[in-house]
Amino acid sequence: MNIAIAGGGAVSPAGWGIQALREALAGGDALPTTDLARPGWDRPLRVRTVPAPVTKPAALGHPRLRRASAITRYAVAAAVEALGADATPERCGRLGLILCVMSGCVQYSRRFYDEVLKDPASASPLVFPETVFNAPSSHLATLLGTPAINYTLVGDPGTYLQGLALGADWLRRKRVDGCLVVGAEEIDWATADSFGMFSRRVILSEGAGALYLRRGDGGVPVELRSVSDSHLFLQGQTRLEATRRTRAQLPAADSRHLLCEGAQGVPRFDAEETAVWQDWPGARLAPKRLLGEGLMAAAAWQCVAALDALQAGQYPAASVSVVGCNQQAIGAHFSGSR
Amino acid sequence: MLFPPSRDCPTPSRVVITGAGVITALGRGWKSNAAGFRAGRVAFRPVTLFEVAKQRAKMAAEVDLTGVLPSTRLRAGAEENLDRASKLLLLAAHEAWQQAGWEPTEDLPMVLGTTSGGMSLGEAYYRQAIATPHRRRGQTMRALQYQAQRQALDLADAFGFHGPVTIIANACASGANAIGHASELVRSGRYDRVLTGGYDALSHLVFAGFDSLQALSTTQCRPFDARRDGLGLGEGAAVLMLESLEPARRRGANILGEIAGYGATSDLHHLTQPHPQGDAAWASMKEACEASGVEPAQIQYVNAHGTGTPLNDAAEAAAINRLFGEHAATLPVSSTKSSIGHLLGAAGAVEAIVCLMALRGQWLPPTTTLQERDPACAFPVVTHATDAPLDYALTNSFGFGGANASLILRRWA
């Protein structure tokens, strides 16, 4: 059975929508950073945030999103863009949802805990439910009117590709008629502060990316061809070994193919991926170099960028490499129309 | 490859349980927990892990974690960094692993459920970041170890596992979703065995969160009681080793029970409140029955989600009444949260093991604190451990965000 990528969506520091992502990648310049105040420090943190939308997506007017956090708004906008005309309960059938996050709803979590430390008796009951990892996917399910299976997966950015494999499996087993796989993150100073401990050069960013998977029935413009095993970083397996094993499971290098890599311009984080993929003969895209370390959203942007390039007919196939922060190396392969 | 699968099974495999480990406030391990449930013990006590003086509720079911951890392959430094949640997970996994009789293997997938991973480390990180912004000592470790994937990798390192790790964070249904997902991986032929379960430790943020919602009981957690006033939080972990039947038989494994079916649905009604008629709960149980090929009339015991909140128990009762119809009048239902509290991401996994205990021992676990049954319950609520013939048990887990999951377990005779 073929697994079709029926649509994609993105929210990133480049803006709301795939077009903004496409233009930023085509431009080739790193997006400007903004300052984020870090309490107790004179010097702000440098981050890349999502700009306000030029036109607010209609879906964000849903009553369930009144108090929703930024991550929910990003996830919803990317998902609705990916679904296109199928973004209605009548059209989407049994639609499975897989939301992948690493930091998750960190803004409300930090805010709520801050309230708890100051006075637990007055901590907001409106904020707490929005701290839960699956709050964004709950809102999304309600907005789309889909009561089908809905998982929130937590892990490092490689988890997004695990989510794609899971969605493909649900389709293959006919558990669902379609499946949205969304990767999303939001920035908070606490997250940016913690990443700064590992490298001062890392620039955290935020947003979401989504792919809409359907069973392929011929004439499919883009297909998910394969997802490698998840190669864990363990006591007995280094990041380099995990990355090598990932590449070995993806199709052989081909100068006509595109590589969407996860490098972000921080040698400490990029070393293993750079070493393993250094002989790639074809074109490369590295969204994180321009958009920043968007964690799960960034892994989704890589896939959305690959989809966009394949839909445009620029390449016959694309491989995506994700060497995660602290869990796994994993890869995926997509093909254009054959 | 994760996709396409390198192997597939045209005929669905039966999924059996060959190892089970559990730790709750009733104690460490199967024996002490089974004895505690049998005796109708209630394990709540005043909270000692964090300050609760300014909060409405003061009690929780804390686990006594004193004592040494089992010997594992973890490096000394890694063992020192284990937080409370990781220790709970490690202890439950060790029991399941030993019972299953497996050696470290190249490919043992793990599917775990949690709501908050190492939240207490995240809390400590934040407190230090605010109090002494330029002091970094210990912060790197906290930033790493609070993440759920780090706890899962520590478990992999501890026992030498190498398979993919999947962490499901579907609020209070996480543990049941994890077991259900793991059972589907085995049933479909993707893997011969999967280690699965759920874990969560008490944390200040989560306790204060439920307290802020006025969801915590200020008296005593009394599921399905007419005067119930809320839930009680607990902590713990439960881990199961699931295997495909034929390979388990070939190696002579001791089979404890079977995962017969799994249902998972989404309740779209409200972020924190179930549909008043329990529509999604009904659909989840119905889907589990259909997946297992079992008629509702064949279910002989329901371990309910039964949090003790007015809204949950009313909706769940409506769903049980509706699905089981006339059979409900004689269907024993209980909520063991009355003894050990609501274990959030661990709840579904622990309650699956409670069902396994019931099926193996042929007895009904009680709702220990019931005083006056809510007349909305068309079913009898078990109040004392009672011997009963059981072949099928169903367990429910319903979470924030409308994450609903039901599992059906079958006795292995």
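The equivalent ellipsoid that matches the C-alpha gyration tensor of the protein assembly as shown spans semi-axes of 39, 28, 25 angstrom, in descending order.
Tell me, which longest segment in chain B has none of the GluC sites (Glu not before Pro) that fall in DSSP loops with at most 15 further Cβ atoms within 10 Å? Result for the longest clean stretch: B:107-371.
Under 5 Å from the amide H of B:GLN55 lies no amide H of any residue 5 or more positions distant or on a separate chain, with H modelled from the backbone and absent for Pro and chain starts.
When only the Cβ of Lys, Arg, Asp and Glu is charged (+1, +1, -1, -1), the dipole of the stretch A:190-261 relative to its Cα centre reaches about 160 debye. The alpha carbon convex hull volume per residue for the stretch B:249-315 rounds to 135 Å³.
By a straight-distance test (C-alpha under 20 Å), which lysines pair with B:LYS31 as possible cross-link partners, with residues fewer than eight away in the same chain excluded? B:LYS31 reaches B:LYS87, B:LYS337.
When DSSP beta bridges are restricted to pairs lying wholly in chain A, around 65% turn out antiparallel. Assuming R0 = 41 Å, what is the FRET efficiency of A:THR274 and B:THR11, from their Cβ-Cβ distance, to the nearest 0.05? The calculated FRET efficiency here is 0.35. Between B:SER338, B:SER244, B:SER292, the Gaussian network model of chain B with springs among Cα atoms under 10 angstrom shows the greatest mean-square fluctuation at B:SER292. Take the Cα radius of gyration of the stretch A:91-246 and divide it by 2.2 N^0.38 Å, N being the number of residues; the result is 1.23.
Using a Gaussian network for chain B with springs between C-alpha atoms less than 10 Å apart, which of these wobbles most: B:ASP387, B:ASP200, B:ASP374? Answer for the Gaussian network model of chain B: B:ASP387.
Select from B:ALA346, B:ALA393, B:ALA237 the residue whose mean-square fluctuation is largest in a Gaussian network model of chain B (Cα-Cα springs shorter than 10 Å). Answer for the Gaussian network model of chain B: B:ALA393. Normalising the average separation of contacting C-alpha pairs (under 8 angstrom, six or more residues apart) by the number of residues puts the relative contact order of the stretch B:15-250 at 31 percent. For the stretch A:223-335, the share of alpha carbon pairs falling in successive 10 Å distance bins from zero is 15, 51, 30, 3, 0 percent. Site pair B:ASP64 and A:GLU241 shows an inter-label distance of 4.1 nm when each label is modelled 7 Å from Cα along Cα→Cβ.
At q = 0.11, 0.12, 0.15 Å⁻¹, work out log10 I(q)/I(0) for the stretch B:15-250 with the Debye formula, treating every Cα as an identical point scatterer and leaving solvent out; two decimals please. For the stretch B:15-250, the Cα-only Debye profile gives -0.60, -0.71, -1.07.
Where both bridge residues fall in chain B, DSSP classifies roughly 70% of the beta bridges as antiparallel. In chain B, the convex hull through the Cα atoms has an average projected area of 19.4 nm², a quarter of its surface area. A straight Cα-to-Cα reach below 22 Å connects A:LYS174 with the lysines B:LYS286, residues fewer than 8 places away in its own chain not being considered. With no solvent and one equal point scatterer placed on each C-alpha of chain A, evaluate the Debye formula and give log10 I(q)/I(0) for q = 0.11 Å⁻¹, two decimals. Listed by q, the Debye log ratios stand at -0.66.
Quick note: the coordinates plus some simple rules give every number you see, no bench work behind them. Since the model is a prediction, treat every value here as computed from it, not as a measurement. FYI the Cβ positions are ideal-geometry reconstructions off the backbone, even for glycines, and counts take in every protein chain you see.
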